[in-house]
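J.: Just dropping this structure here.
The values are calculated or read from the model by the stated rules, or taken from the named source; none is laboratory data. Please read all numbers here as calculations on a predicted model, not as lab measurements. Cβ atoms come from the backbone with ideal geometry, glycine included; neighbour counts cover every protein chain shown. Areas reflect the complete protein model, heavy atoms only, side chains present, ligands, DNA and RNA absent. Shrake-Rupley method; radii C 1.70, N 1.55, O 1.52, S 1.80 Å.
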Amino acid sequence: MIHVVLCDDHAIVRRGIRNILSEAGDIRVTGEAGGYAELRDVLRHAPCDVLLLDLNMPGRSGLEVLGVLQETDPGIKTIIVSMFTEDQYAIRCLRAGAYGYVNKAGSPDEILLATRMVATGRKFVSPELAQLLVESLNNPQPEAPHTALSERELQTLIKIAKGKRLSEIALELSLSPKTVSVYRARVMEKLNLDSNAALATYALRHNLLSVSYTHLRAHETRHDL
């Protein structure tokens, strides 16, 4: 039996996914959560082989939650389930440690296939994502400087660009202010920037505030992966 936990801030989405999974005799939904705080409580008592995680939630985004789980629950295999197409965030999610990326507009069979595949320890790559990977190999593009940042460094960059103080960032990421200060210094060095204003300008120029760490449901402008 594959034990699955659902995390999405929309109850109607969770119900739809639960209904899809309930039709499979080898999959059991053991818990649901609407955000990170609730997910943390669910994972304390619910068995979880595969976590189906929404990318875009209020508070901590799916990428932030994924980063935390890599440290606290490395045995949980995560599939990002998102409204955004593969060309926008799939590769970044895989790089961040996700085992798969499923578009909410896709076929219900895809969620079942991804869940079963990931439960065995394999990565799930949709045909659309596979094509993106092939194209990236055949036509490599220069990577933006921020692609060299770790997930924590990227989180720090985005939160600073949103005007948050180091103490606020530390509280949100469950880190000490000193650690956040270290991340800020690393970001400055890697991006060759010297002020919070420069960080904010960089983040805006590269569309880093548009989706990944904000609660946004509108269609987004595409940007380089």
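J.: Determine, for each peptide in 22-28, 178-184, the mean count of other beta carbons within 10 angstrom over its residues, then list the peptides with the highest first. Let's see the in-between values first.
T.: Details: 22-28: 12.3, 178-184: 17.6.
Those peptides, ordered most packed to least, come out 178-184, 22-28.
J.: What residue among Ile2, Ser174, Ile158 has its Cα farthest toward the positive end of the dipole of the chain, where the charges are +1 on Lys, Arg and -1 on Asp, Glu, each on the Cβ?
T.: Going by the charge dipole, the pick is Ser174.
J.: If you roll a 1.4 angstrom probe over the protein chains with everything in place, what fraction of the accessible area of the chain belongs to carbon and sulfur, to the nearest %? Could the numbers behind the result be given before it?
T.: On the way: 5800 of 11120 Å².
Percent of accessible area from carbon and sulfur atoms in the chain: 52.
J.: For the chain, with the dipole built from +1 on Lys and Arg beta-carbon atoms and -1 on Asp and Glu ones, taken about the Cα centre, which of Ile20, Val68, Asn103 lies farthest toward the positive end?
T.: Val68
J.: Something else: Taking 0.36 nm per intervening residue step and subtracting the Cα-Cα distance, what contour gain separates Val13 from His206 on full extension?
T.: Values: separation 193, 0.36 × 193 = 69.48 nm, distance 3.01 nm.
Full-extension gain reported as 66.5 nm.
J.: How much accessible surface does Met1 have with a 1.4 Å probe, in Å² rounded to 10?
T.: 130 Å²
J.: What distance in nm lies between label points placed 7 Å from Cα along the C-beta direction at Ala185 and Ala37?
T.: So the label points at Ala185 and Ala37 sit 3.3 nm apart.
J.: Based on the Cβ-Cβ distance of Ser22 and Ser150, what FRET efficiency does E = 1/(1 + (r/R0)^6) give at R0 = 30 Å, to the nearest 0.05? Show your work: numbers first, answer last.
T.: Values: r = 38 Å, r/R0 = 1.26.
Rounded to the nearest 0.05, the efficiency is 0.20.
J.: What spacing in nm lies between the two simple spin-label points modelled at Thr72 and Lys178, each 7 Å away from Cα in the Cβ direction?
T.: 2.3 nm
J.: Still on this model: What is the local net charge at Ala98, summed over the other residues whose Cβ is closer than 11 Å to its Cβ (Lys, Arg +1; Asp, Glu -1)? Provide the component values of the computation, followed by the final result.
T.: Numbers: positive: Lys77, Arg92, Arg95, Lys123; negative: none.
Summing Lys/Arg as +1 and Asp/Glu as -1 gives +4.
J.: Might you report the magnitude of the Cβ-based charge dipole of the stretch 1-116 about its Cα centre, with Lys and Arg at +1 and Asp and Glu at -1, to the nearest 20 debye? Each step should come with its number before you reach the end.
T.: On the way: 12 positive and 16 negative charges, 20 e Å.
So the magnitude is around 100 debye.
J.: Given the alpha-carbon gyration tensor of the stretch 7-161, what are the semi-axes of its equivalent ellipsoid in whole angstrom, ordered largest first, with each equal to the square root of 5 times an eigenvalue?
T.: Values: eigenvalues 124, 80, 37 Å².
In descending order, the three semi-axes are 25, 20, 14 Å.
J.: What ranking, highest mean first, results for peptides 154-163, 73-82, 29-38 when packing means the other Cβ atoms within 10 Å averaged over each residue?
T.: On the way: 154-163: 22.1, 73-82: 19.5, 29-38: 17.9.
Put in order of decreasing packing, that is 154-163, 73-82, 29-38.
J.: Same structure, new question: Under 21 Å between alpha carbons: how many lysine pairs meet that in the chain, if sequence neighbours fewer than 8 apart on the same chain are excluded?
T.: The number of close lysine pairs in the chain is 10.
J.: Would you please state which residues of the stretch 151-188 a label at Ala197 would reach in this model, taking the label point 7 Å out along Cα→Cβ and a backbone N cut-off of under 15 Å?
T.: 161, 163
J.: Let me know the Kirkwood hydrodynamic radius for the stretch 10-92, please, with Cα pairs as the basis and the value in Å to one decimal.
T.: Numbers: mean 1/r = 0.0740 Å⁻¹.
Answer for the stretch 10-92: a Kirkwood hydrodynamic radius of 13.5 Å.
J.: Please state the charge dipole magnitude for the chain, taken about the Cα centre, from unit charges on C-beta atoms (+1 on K and R, -1 on D and E), reported in debye and rounded to the nearest 20.
T.: On the way: 26 positive and 27 negative charges, 105 e Å.
In debye, rounded to 20, the chain gives about 500.
J.: Can you give me the accessible area per residue for the stretch 1-158, using a 1.4 Å probe, in Å²?
T.: Details: 7020 Å² over 158 residues.
Averaged over the residues of the stretch 1-158, the accessible area is 44 Å².
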